[in-house]
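Here the structure comes first, spelled out in structure tokens, and everything after it is commentary.
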Amino acid sequence: MDYKKIANTILLQYSLPIYGRHGVSHWARVMAGGLKLAEKTGADQTIVRLFALFHDSRRENEKMDHGHGARGAEFLESLRDDLIQISDRQFNLLHYACVYHTDGMTDADISVQTCWDADRLDLGRIGVRPDPKFLCTDAAKDEKMIDWSVARSKIRFSPSLIQTEWGIPPQNN
Ligand SMILES: [Fe+2]
Ligand SMILES: [Fe+2]
């Protein structure tokens, strides 16, 4: 799959600042954190990569944006077969992960749980240390993983994968 093309297609319609609170730096931290968790949980890495890109792709504001997960899932569906080549099982899990990512659930397929944890572990960006009771997997509840995530999120760290894997120019360029 061409992740640069997918990322740029998403950005063409993204209505908020690209490097804003729910923009590409958050997406990239979710992806890096999700892949780190996947080493322990065995989550499907393709689902983690696509969740990172799509789950907040259709936000319309930086606050409580009801329905943005469902809109992201709908957008994902619109690009299926053309840009997104995944199995029906992968699609169904990814769709579910996007739709329900803000509902606070913890029980789901391990790939879905890993996506939700990766998103919740980035709460340090708004000054909140993730509480293990709201996380799904043992890998995410690990204090070392929480420390690693908070250190990155509180400074709104921008992983270089934004440029190397998604082909998106850095901020201030
Ligand atoms: Fe979200
Ligand atoms: Fe998010």
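In the range 39-63, the residue that is nearest to ligand 1 (Cβ to nearest atom) out of those that are in a helix (DSSP H, G or I) and over 13 Å from the mean Cα position of the chain (by Cα) is THR41. Scanning the range 17-38 for residues being assigned to a helix (DSSP H, G or I), free of Cβ contacts under 8 Å to residues at least 24 places away in the same chain and either farther than 17 Å from SER160 by Cα or touching a Leu at 6+ places or on another chain (Cβ under 7 Å) (or both) gives a total of 0.
You will find that of PHE91, PHE75, the residue that is within 16 Å of ligand 2 (Cβ to nearest atom), at pLDDT 95 or above and aromatic (Phe, Trp, Tyr) is PHE75 and no other.
Kindly indicate whether ARG125 is outside any loop (DSSP other than H, G, I, E, B) and either among the polar types (S, T, N, Q) or free of Cβ contacts under 8 Å to residues at least 24 places away in the same chain (or both). Working first, answer last.
Working: outside any loop (DSSP other than H, G, I, E, B): yes; either among the polar types (S, T, N, Q) or free of Cβ contacts under 8 Å to residues at least 24 places away in the same chain (or both): no.
In short, no.
Pairs are defined by a Cβ separation below 7 Å, a sequence spacing of at least 6 or placement on different chains, a first member in the range 1-15 that is closer than 11 Å to TRP166 by Cα and touching a residue at least 24 places away in the same chain (Cβ under 8 Å), and a second member that is hydroxyl-bearing (Ser, Thr, Tyr) and surrounded by 15 or more Cβ atoms within 10 Å (Cβ to Cβ); the pairs so defined are ILE10/SER57.
The values are calculated or read from the model by the stated rules, or taken from the named source; none is laboratory data. From a predicted model like this one, the values you see are computed outputs, not experimental measurements. Positions of Cβ are backbone-derived with ideal geometry, glycine not excepted, and every protein chain shown enters the neighbour counts.
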